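Derivation of every value follows stated rules applied to the coordinates shown; laboratory data play no part. Small disclaimer: the values here were computed from a predicted structure and weren't measured. Here the Cβ is made from the backbone with ideal geometry for all residues, glycine too, and neighbour counts use every protein chain on show.
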Amino acid sequence: MRFIKRLCLEYVWVWLAPILLLCASSAYSQGASPETAPPLFPGGGLVSYNSVFTTRGFMAGTPTGIPPTARPTFSHEGDFNFTWGFYRDLDLTVLVPVVTNDFQTPNVPTVGGTGLGDLMVLVKYRFYRRDSNRGTTQASFTVGPKLPTGRTDLTNESGSLLPATLQPGSGSTDFFVAANWTYTGLFNLRRLVADEDFHALVRSQGTQATRIGSDLESRFWLSYRPYESKDGAREWFIGPVLHRHFVTRLCFLTSILLIAGRSAGQSHLGQDLA
């Protein structure tokens, strides 16, 4: 099997979407941050919304209609995230996506629609933590199913089903697994953080007897906090991200991004000791 390898260099400023923080105790809840290994601290709750837009160039159709491997020329995924830290080293996350997929070809009406995506139920377990004067080193893994709750009945103007790749849902029961590592105080700079997120989605056969293929992704983020309040309730962070994405049977993509953001709420790196 031949794979296509591309190198994509781009610089993107991303401001994180506003986050509604809920907390079951008197402590502050976990906010947005570049660290992925720590779980939510005990008693903490998080409700957040993330919005992702994707555009692609026009794809020529075929004499018989839309190719079965067609990808949306425009898509938007809005993810509702509900997380509860029910134990010091464990948290539970439920992700509910709402997906819009549109496919456009020259001189042909746009087809597509909006629907509920596949729901994910994830459990994160932190199996390693070591604190020092430098900072903290933590590692965790996350596992859980992706359930076939998404819509798979989008049709074109003639009433024919759109290909599985254009449906908001997959129709398959899949398995998600991730490994995360966080190292703070890199080079003895307290506000410099190295973070690695590696995750995979193992897909089974879905709607229309289609196998889309499994996903593998790796994201390394080197972030620095130019501002951090004394009580840790507010912070700013900025830094480059090396992102590598491998989609089985499709392509291998490497990208370098520059991401900046801010968070409100006490940092979860040092607040889950209770």
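Summing charges over neighbours of Leu162, with a neighbour being any other residue whose Cβ is under 15 Å away from its Cβ, gives -1 when K and R count +1 and D and E count -1. Taking the Cα centre of each part, how many Å lie between the range 42-106 and the range 194-231? If we compute the Cα centre of each part, the gap is 13 Å.
Using the Cβ of Gly113 as centre and a radius below 13 Å, the other residues enclosed give a net charge of -2, where K and R count +1 and D and E count -1.
The modelled label-to-label distance for the pair Glu77/Arg191, using points 7 Å beyond Cα in the direction of Cβ, is 3.3 nm. For Ser172, neighbours were defined as the other residues whose beta-carbon sits under 9 Å from its Cβ, and their charges (Lys and Arg +1, Asp and Glu -1) total +1. Put simply, when 191-200, 102-111 are sorted by average Cβ atoms within 10 angstrom per residue, most first, you get 191-200, 102-111. The mean sequence distance of close C-alpha pairs (under 8 Å, at least 6 residues apart), as a share of the length of the range 33-159, puts its relative contact order at 23 percent.
With a cut-off of 8 Å between alpha carbons and a minimum separation of six or more residues, what is the relative contact order of the range 147-238 in percent? The normalised contact order for the range 147-238 reaches 21 percent. In this structure, the amide hydrogen of Thr173, modeled 1.01 Å from its nitrogen in the peptide plane, lies closer than 5 angstrom to those of Ser204, counting only residues at least 5 positions away or on a different chain. In order along the range 175-180, the phi-based Karplus estimate (6.51 cos²θ - 1.76 cosθ + 1.60, θ = phi - 60°) of 3J(HN,Hα) comes to 10, 10, 9, 9, 10, 10 Hz; Gly and Pro are listed as x.
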